[in-house]
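Right, one structure below, let's go through it.
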Amino acid sequence: MSMDNALKRISPPPRIGGEGQGEGEKSFTPHPILLPSRGEGEQIDATDRRLIVATQEGLPRVSRPYHAIAEKLGISADEVMARLQRMLDNGVIRRIGAVPNHYALGYQANGMSVWNVPDDRIRELGQKIGELDFVSHCYHRPRHLPDWPYNLFAMVHGRDRAEVETKVALIAELLGQADHGHTVLYSTRILKKTGLRLGS
């Protein structure tokens, strides 16, 4: 994933393992986020494909999800974890993480703040915004002049619009003179979030 396109701070890939956290909350579903294979040496075999298909709708919300997947596929839990880790390491799977339902968590206002900032500072400013606790993701996007001057998008969640506006004001303060204009686009409904899906 290029920093030019996704500027949210990137931590090292999670290590697979550590089961036994108990049942997951209904507002979170752990998902492997898939990317197409990027070249030779990173191809998937038939078992990898079965594993991807078995997990692409989310990991089972049980205390030992990798064991549940292993039983379904007829392989060991150790093999499930090793295969997922290998696919994380080589980029076939981008990450495994929780996909929150912000509405279920009480965040009813979800605003995509869009910013007009200098192109030559996009990485620097995007990184600063992405490190804010209240920004879930931050992206560099092309302008479409003259109608659309914005080139940096940052998703902000709040319990109401007033909270979102307060947080957006903090971003504006952080950007200072680099903020050449911004606005907030509010979501009106939540759609099902899915990544790349493979057929079975």
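Rule-based calculations on the coordinates, nothing more; no lab input. None of these values were measured; they are calculated from a predicted model. Glycine also receives a Cβ, built like all others from the backbone with ideal geometry; neighbour counts cover every protein chain displayed.
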Under the Karplus curve 6.51 cos²θ - 1.76 cosθ + 1.60, θ = phi - 60°, whole-Hz ³J(HN,Hα) for the stretch 137-143, x wherever Gly or Pro sits: 7, 9, 9, 8, 9, x, 6
Whole-Hz ³J(HN,Hα) from phi, Karplus 6.51 cos²θ - 1.76 cosθ + 1.60, for the stretch 72-77, glycine and proline x: 5, 8, x, 10, 7, 4
Amide H contacts under 5 Å for Leu185, placed H, 5+ residues apart: Met112, Ser113, Val114
In nm, spacing of pseudo-spin labels at Ala172 and Asp78 (7 Å Cα→C-beta vector): 5.8 nm
Amide proton proximity set for Arg141, modelled H, under 5 Å, gap of 5+: Leu152, Phe153
Calculated FRET efficiency for the pair Arg95/Arg159, C-beta based, R₀ 25 Å, to 0.05: 0.40
Built amide H within the under 5 Å cut-off of Glu131, gap 5+: Arg9
Phi to ³J(HN,Hα) by Karplus 6.51 cos²θ - 1.76 cosθ + 1.60 over the stretch 155-160, Hz, x for Gly, Pro: 7, 10, 10, x, 6, 8
